1. Is it fair to say residue 90 is over 20 Å from residue 197 (Cα atoms) and away from the ligand (no atom under 16 Å from the Cβ)?
2. Given 273, 268, which one is in contact with a Leu (Cβ under 8 Å, 6 or more places away or on another chain) and modelled with pLDDT under 90?
3. Any chance region 102-123 includes a residue that's among the basic types (Lys, Arg), assigned to a loop (DSSP other than H, G, I, E, B) and either modelled with pLDDT of 90 or more or within 14 Å of the chain's Cα centre (by Cα) (or both)?
4. Considering each residue of region 201-236, count those that are more than 16 Å from the ligand (Cβ to nearest atom), touching a strand residue (DSSP E or B) at 6+ places or on another chain (Cβ under 7 Å), under 17 Å from residue 267 (Cβ atoms) and not in a strand (DSSP E or B), and give that number.
5. Could you give me the residue pairs with C-beta distances under 9 Å whose first residue belongs to region 75-100 and is within 13 Å of residue 28 (Cα to Cα), whose second residue is assigned to a helix (DSSP H, G or I) and of a type in the set (Asp, Glu) wherever it lies, and which are 6+ apart or on separate chains?
6. Mind listing just one residue for me: the one in region 1-47 that is out of contact with any strand residue (DSSP E or B) (no Cβ under 9 Å at 6 or more places or on another chain) and polar (S, T, N, Q) and, of those, farthest from residue 75 (Cα to Cα)?
7. For region 187-203, give me each residue that is buried (at least 23 other Cβ atoms within 10 Å of the Cβ) and farther than 20 Å from residue 69 by Cα.
8. For region 71-109, how many residues meet the condition of being charged (D, E, K, R) and in contact with a Phe, Trp or Tyr (Cβ under 7 Å, 6 or more places away or on another chain)?
Amino acid sequence: MGHQSEYFSSSYQEARSRFLKAASHAGFTVASYQHPLPGYDGQAIFTDIASKIPGNAKHIVMTTSGIHGVEGFAGSAAQIQALKTADKPNDVGIIHVHALNPHGFDFGRRVNEHNIDLSRNFIDWSAPLPEDHSLNAAVQSTLKTKPGLWQQARIALLMARHGMGTAKDALTRGQYSDPSGLYFGGTGPAWSNLLWHQIVARVTAQTPHLTHIDFHTGLGPYGKGEMIMMADRHSPMFHRAESLWDNVTTPQDGSSSTSLITGSMCNAFNRTAARRTIVTTGALEFGTLPPLDVLKALATDHHAYLTMPAAEARKVAWQAMQNAFNPPDSIWQVVILDQSQRALHRALMLKP
Ligand SMILES: [Zn+2]
């Protein structure tokens, strides 16, 4: 123990400066993309991409952090650790995409600047919108009430009436009708979405094999890593993932702690990746608090930003969101770093 505090930062700006420093130290090239809005203290915010790709690379390993803003604290720590301990085979390229949702990261929120859950934003915007779950309106109105005993009673009633699994599906699947609700997918491709499509197109044009790990927190047992594949258990991608990683799951057969969702970022690979590139993409999800406690934090954050100016809301919701998505616990941090490093090392070992 001891090193984890060098990797886990206490703010987005600190995470960014550590990431940039570690990248330049390790001889990576950095490209920075400034977000259209400033952060909470008026400073510019960025998605930064650090890469080191040898000319003969047959395989590229890519990581992304912070598509869900606040979850970027853990993802950023894993990336900084990877940069500081960079061993890799000579014919493998590495790319770390830091803070894909820098606005959410800086504000300590899961959503972006328009209340969009970016993992629900990667739908086909030229097709009709996905339909909401039939319970969506009931769930949303419950979660928009002021957090407290009355809200908890309403949540308990919903779960008693419909079952926890159904209530969770209704909430987390993604919805496109209520811009002020939770798990809102947006009204068009968000800034991070457009940037991610550009990255995917460029990276896959450079390599026949891409292995991608997207870091998340907030689902599953405390400290436990789960590699979630948005793929059929019998697909070649799932088999490749199983040959690399432990605890590989898919929501398609109920083995995952996540529900089936619409519009996850792996859709970008289906649409934009160069045809000949074989892509293996998984979300490495680390458990934090029990589901109802995570939901309570999300409801606190949501209610604060619905009813207060952002600067005030950030003060009210910050600690609850940290506890739920970046637990202040050095043992949790060590365990997350250890599993992240192992997942990355296994990805580097893939022999195309
Ligand atoms: Zn997430």
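1. yes
2. Only one candidate qualifies: 273.
3. Yes, that holds for at least one residue.
4. 2
5. Listed pairs, sorted by first residue: 80/6; 84/6.
6. 43
7. If the condition is that a residue be buried (at least 23 other Cβ atoms within 10 Å of the Cβ) and farther than 20 Å from residue 69 by Cα, then 203 is the only one that fits.
8. Number satisfying all stated conditions: 2.
The values are calculated or read from the model by the stated rules, or taken from the named source; none is laboratory data. Since the model is a prediction, treat every value here as computed from it, not as a measurement. So basically every Cβ, Gly included, is an ideal-geometry build from the backbone, and we count neighbours across all protein chains shown.
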